[in-house]
Structure formats: C-alpha cells, structure tokens
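Everything below concerns the one structure shown next.
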Amino acid sequence: MLDCGANPAGQEIAGMSSDRIIQVERDILGKNDRLAADNRARFHADEVLAFNLVSSPGAGKTSLLVRAVSELKDSFPIGVIEGDQQTSNDAERIRATGVAAIQVNTGKGCHLDAAMVGQAYDRLPWLNGGILFIENVGNLVCPAAFDLGEACKIVVFSTTEGEDKPLKYPDMFAAASLMLINKIDLAPVLDFDLAKTVEYARRVNPDIEVMTVSARTGEGFSAFYAWIRRRWAKAKQAEMAMQG
Ligand SMILES: Nc1nc2c(ncn2[C@@H]2O[C@H](COP(=O)(O)OP(=O)(O)O)[C@@H](O)[C@H]2O)c(=O)[nH]1
Ligand SMILES: [Mg+2]
Ligand SMILES: [Zn+2]
C-alpha cells in the first residue's frame, strides 16, 4: 500500500494511527510536488510541452503514441518516457519509429513520480521547443494524485472498458484536460454508448475535452494533432507575452 504513498482510498494500515498515515502521505505528496515544480521549470526553460498519458492497462496508450510520434516527428522534436512495472517493451515500440524513448520500471510501484520523470528527462536528447509524452503506469487510481510537471493529463479510455468508469474512478477524469476515447473501431460490436460515456465524464469534470480515436485505423487523429498544435501555440504565446 505505502508503495503508492497516495492512499487515495484512505485505507487503514496495521500499526499506524490514521494521523500518522495522513502525515506520511502529506510528506510523500509534498516532496513529489516540489520535484514536479522543478520538472515544470525545466520543461518551461526548454520550451517543451509535456503530456502525461494515463489509463487502465491496455487502453491503447502505446499504440496511440506509436502512431502520434510517427506522424508528428517531422514537425516537432519529440521524446517519450515510458512507465511500466516491468519490461522495456513499450520503449522499444516507440524507438522502432525513430523517436527517443526512455523506459522507467517502477517494480512494485503503481505510478510514475516526479523524481523518476526528472531522471528520465536527463537521459533524453534536448527537446528544445518540442513535445514530451509521458506514458504513465496503467492504473486509473493513484497516477491522478502525482503531478509530474506536465502541462496536462490526457486520459485514454477505450470502448471495451464500460461506460461507467468515469463515475467509478472520478479522480482521474477530474484531473485530465482531455479524454481520448480509443478503439472507436470496436464500438459497433460492443454496443458502446458514446453519449453516456461523455455524460459521465462531464459529470465529474464539466470542462473535460473529448475526442474519439482509433489507434488501429487512425480515425480521429487529425483532430488530436490539431488539439496538440493549439496547446503548443498557446504555450508559445504565453512564453512570448512573458518575455514582453
Ligand atoms: N481494435 C483496436 N485495438 C487497439 C486499439 N488501440 C490499441 N489496441 C490494442 O489494444 C491492446 C493494448 O494496447 P497498448 O497500446 O499496449 O495499450 P497500453 O497498455 O495502454 O499501452 C493491443 O492489443 C493493441 O493492439 C484500437 O484503436 N483499436
Ligand atoms: Mg503501454
Ligand atoms: Zn501508485
């Protein structure tokens, strides 16, 4: 349990008083927030736009990134940080596209933290003016609580997961700026109810933007790229305004 540190469910832990548990959680999250602020300052200095991709395992984060980095790599310097408990499979899938990727293995850990991301960022080539994609560990719970220094979180939700997941795991949908509904190619065979999914997501986060995509067919990706380019232009504008 304490691997995670976030203890979002507020469970009891044998031998620890609830005050002590709350203190340990505050210490862990407080330290993470300081390191996330350091990451954010570095991304800012490098003019790097960082996205933190979160989802349950198998929603299609890596498939989506393989397609996106292949199609965006001529427009932006791109780097990827891949988080999984074990294996470097996902980093290898990204590197096969010619884009730099660093694998972080969290072992028993169930989320990436800001320290891991800072160390992985050191090992990437300089992404000056580019984009950093961080693929978090597949888990709809505690990655919501750990700021990595990203510009925003993107939750990837697939049509195979059931429409009610935004209600069951509200913290993640509340923390995300964009929901990519992936595997839309499978929607007809699954009787997937898109309207219901969007309604549930907006119930926990009225501001969440929603797009449907298929990492398999490429459907919906031009809208996703347009969204990325808008975020990028906005960050550039803010930068220029600050420089006066
Ligand atoms: N039909 C379909 N399958 C997909 C799509 N995206 C991913 N998959 C499949 O879903 C499985 C998990 O994908 P992966 O990218 O590894 O998910 P991750 O665990 O979130 O990184 C793989 O078998 C993919 O081929 C999609 O848009 N449509
Ligand atoms: Mg993956
Ligand atoms: Zn965790």
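The values are calculated or read from the model by the stated rules, or taken from the named source; none is laboratory data. Keep in mind that this is a model prediction, so the values were computed, not measured. Cβ: placed from backbone, ideal geometry, glycine included. Neighbour counts: every protein chain shown. Remember, those area values only see protein heavy atoms, side chains included, never the ligands or the DNA or RNA. Shrake-Rupley method; radii C 1.70, N 1.55, O 1.52, S 1.80 Å.
Couple of notes before you dig in:
- When residues of the range 139-174 are limited to those that are farther than 25 Å from V48 by Cα and of a type in the set (D, E), the one most open to solvent (accessible area, probe 1.4 Å): D171
- Options R93, R67: the member that is open to solvent by 50 Å² or more (accessible area, probe 1.4 Å), away from ligand 3 (no atom under 16 Å from the Cβ), in a helix (DSSP H, G or I) and under 28 Å from P166 (Cα atoms): R67
- Residues that are near ligand 1 (Cβ under 10 Å from one of its atoms), of a type outside the set (A, V, I, L, M) and either open to solvent by 20 Å² or more (accessible area, probe 1.4 Å) or not in a strand (DSSP E or B) (or both), drawn from the range 178-211: K183, D185
- Hey, D38 over 20 Å from A174 (Cα atoms), open to solvent by 60 Å² or more (accessible area, probe 1.4 Å), more than 16 Å from ligand 3 (Cβ to nearest atom) and at pLDDT 95 or above or not: yes
- Positions within the range 186-237 being small (G, A, S) and touching a residue at least 24 places away in the same chain (Cβ under 8 Å), in sequence order: A187, A201, S214, A215, G218, G220, A235
- Residues of the range 97-137 that turn out to be out of contact with any strand residue (DSSP E or B) (no Cβ under 6 Å at 6 or more places or on another chain), surrounded by 22 or more Cβ atoms within 10 Å (Cβ to Cβ) and not in a helix (DSSP H, G or I), as a count: 2
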